[in-house]
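None of the figures in this text is laboratory data; all of them are computed from the coordinates on show. Keep in mind that this is a model prediction, so the values were computed, not measured. Cβ sites come from the backbone with ideal geometry, for glycine too, and all protein chains shown count toward neighbours.
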Amino acid sequence: MRKKIIAGNWKMNKTVEEAVELANAIKLDLAECKEVDVVLCPPFTAIKAVSDVVSETLINVGSQNMSSEDEGAYTGEISHTMLKELFVRYVILGHSERREYYKETDFWINKKVKKALEKNLRPIVCVGEKLEDREGGNTEAVVEVQVREGLKDIPAAAYTELVIAYEPVWAIGTGKTATSAQAQEVHAFIRGIVKDMVGAEAADAVRIQYGGSMKPDNAPELLSQPDIDGGLIGGAALDAASFFGIVKAGM
Ligand code: PEP
């Protein structure tokens, strides 16, 4: 039985003061949550403050990106050491906004996934098709390349640590959610690719989140699908009551 994982991606939102307020509000409901793994991913500038707020709780802290390099002349980048120093456990890698606006490729995402695993950080590896891919009947082809390239040469044993997030790009921040049947179909497809790459045991163990306008009202149906093991939440993660509503649906 895979434990559900709900992660809030706060994106480029929240000053330190606002982040502390949100983390405190989430902590009121979820400090002792054992049924679901809860992860908060604030912007880099608020990670330390959020880590301090949740330090004595079961809530995890994640980052929204991480460099593939250890240290050195990489202006604007953040290393695994810097993140671990702030008690970060999870790192979102290859989010569609990074692929689209910052031209991150599967090659670099794969380097980051390997670095994260080597340093005992848990990658949340995002994949998903654009609207034109879906409309052109290319969803599976696009997602398959992202999974095979992004997770290239990752050993079977690592699949208990890493998380895959299936996020159809057309559903992110648009209010359009994939139907539970559409999402389940792609999740099962991804699990099948993992099985082909590294075997049935790893495929059965890996957690696959859905992301794309998940809200408290659509979460119960999405999270009841056999291959949907949680959610990566954008907009609804910025409101403590909505985020709690989604986590509750996963309990
Ligand atoms: C996301 O950006 O990962 C996301 C799923 O956003 P939203 O929930 O706002 O669609």
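Structural remarks
- Residue-averaged 222 nm ellipticity for the chain, from DSSP H runs of 4+ at -39500 (n - 2.57), nearest 500: -12500 deg cm²/dmol
- Packing, as the average of other Cβ atoms within 10 Å across residues, places the peptides 149-158, 240-249 in the order 240-249, 149-158, highest first.
- Within a Gaussian network of the chain (alpha carbon springs, distance under 10 Å), most fluctuating of 72, 175, 211: 72
- Summarising the amide proton neighbourhood of residue 231: residues at separation of 5 or more, or on other chains, whose placed amide H is nearer than 5 Å comprise 5, 6, 7, 210.
- In range of the label at residue 12: residues from segment 92-129 whose backbone nitrogen is under 14 Å from the point 7 Å along Cα→Cβ: 97-103
- Over 24 Å between alpha carbons, listed pairs 103/130; 3/195; 34/115; 14/115: 34/115; 14/115
- Length-normalised contact order for the chain - Cα pairs under 8 Å, 6+ apart - percent: 21 percent
- Our coupling estimate for segment 77-88, obtained by passing each phi through the Karplus curve with A = 6.51, B = -1.76, C = 1.60 and θ = phi - 60°, is 9, 10, 9, 4, 4, 5, 6, 5, 4, 9, 6, 6 Hz, Gly and Pro reported as x.
- In order along segment 238-249, the phi-based Karplus estimate (6.51 cos²θ - 1.76 cosθ + 1.60, θ = phi - 60°) of 3J(HN,Hα) comes to 8, 10, 4, 5, 5, 4, 4, x, 6, 4, 4, 5 Hz; Gly and Pro are listed as x.
- Taking the Cα atoms of the chain, the ratio Rg/Rh between the radius of gyration and the Kirkwood radius comes to 0.93.
- Among 58, 86, 223, sorting on how many other beta-carbon atoms sit within 10 Å of each Cβ, with the fewest leading, yields 58, 86, 223.
- Based on alpha carbons, the Rg and Dmax found for segment 35-135 are 14.3, 47 Å.
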